[in-house]
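Peer 1: Quick one: structure below, then a few questions.
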Amino acid sequence: MFRKQLRSKNISLLNQVAPDCFAYADENHLRIVLRNLLGNAVKFTSEGGTISVNSVEESNFVKISVTDTGVGMAEEKIQHLFLAENNNTQLGTNGEIGTGLGLLLCKEFVEKNGGNIWVESELTKGSSFYFTLPKA
């Protein structure tokens, strides 16, 4: 789905999800969450950057992360990221436009499937979006 954008920005995408990692979740919800997180990672990663998708099993949950080497975010932006009343968009590194609704959908779908979502980021260093799902 993102092949053209990845090529045009020369971004490496690393799939480091364990092949034997299984979570209990609605497949359509999970696809939307991953599509939004990957889309944002591509949008905010500059040319020549890297995006990786990882999974780790923790007690009764699977923790999945989408990490990029992009522009990152300031703490004040992070605090309001998943709030509907602060739905403001930001242009991507190549002027890509978004609706500002993707992360709200991610939060809703992850929580409907029994998980949590959060972000760790540093301005100019990139972002890591994490979410958990019940282990299958």
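Peer 1: May I ask you to say which residue of Glu75, Glu27 is open to solvent by 30 Å² or more (accessible area, probe 1.4 Å) and closer than 15 Å to Glu108 by Cα? Can you show your working first?
Peer 2: Details: Glu75 fails: closer than 15 Å to Glu108 by Cα.
Exactly one of Glu75, Glu27 is open to solvent by 30 Å² or more (accessible area, probe 1.4 Å) and closer than 15 Å to Glu108 by Cα, namely Glu27.
Peer 1: Somewhere in segment 30-53, is a residue without any contact (Cβ under 8 Å) to a residue 12 or more places away in the chain, out of contact with any His (no Cβ under 6 Å at 6 or more places or on another chain) and surrounded by fewer than 17 Cβ atoms within 10 Å (Cβ to Cβ)? Steps first, please.
Peer 2: Taking segment 30-53 and keeping what is without any contact (Cβ under 8 Å) to a residue 12 or more places away in the chain, we get 31.
Adding the requirement that they be out of contact with any His (no Cβ under 6 Å at 6 or more places or on another chain) leaves 31.
Imposing the further condition that a residue be surrounded by fewer than 17 Cβ atoms within 10 Å (Cβ to Cβ) reduces the set to 31.
Yes, because at least one residue in segment 30-53 is without any contact (Cβ under 8 Å) to a residue 12 or more places away in the chain, out of contact with any His (no Cβ under 6 Å at 6 or more places or on another chain) and surrounded by fewer than 17 Cβ atoms within 10 Å (Cβ to Cβ).
The values are calculated or read from the model by the stated rules, or taken from the named source; none is laboratory data. All values reported here derive from a predicted model rather than from experimental measurement. Every residue, glycine among them, receives a Cβ derived from its backbone with ideal geometry; neighbour counts consider all protein chains shown. Keep in mind that these areas ignore ligands, DNA and RNA; they rest on the heavy atoms of the full protein, side chains included. Shrake-Rupley method; radii C 1.70, N 1.55, O 1.52, S 1.80 Å.
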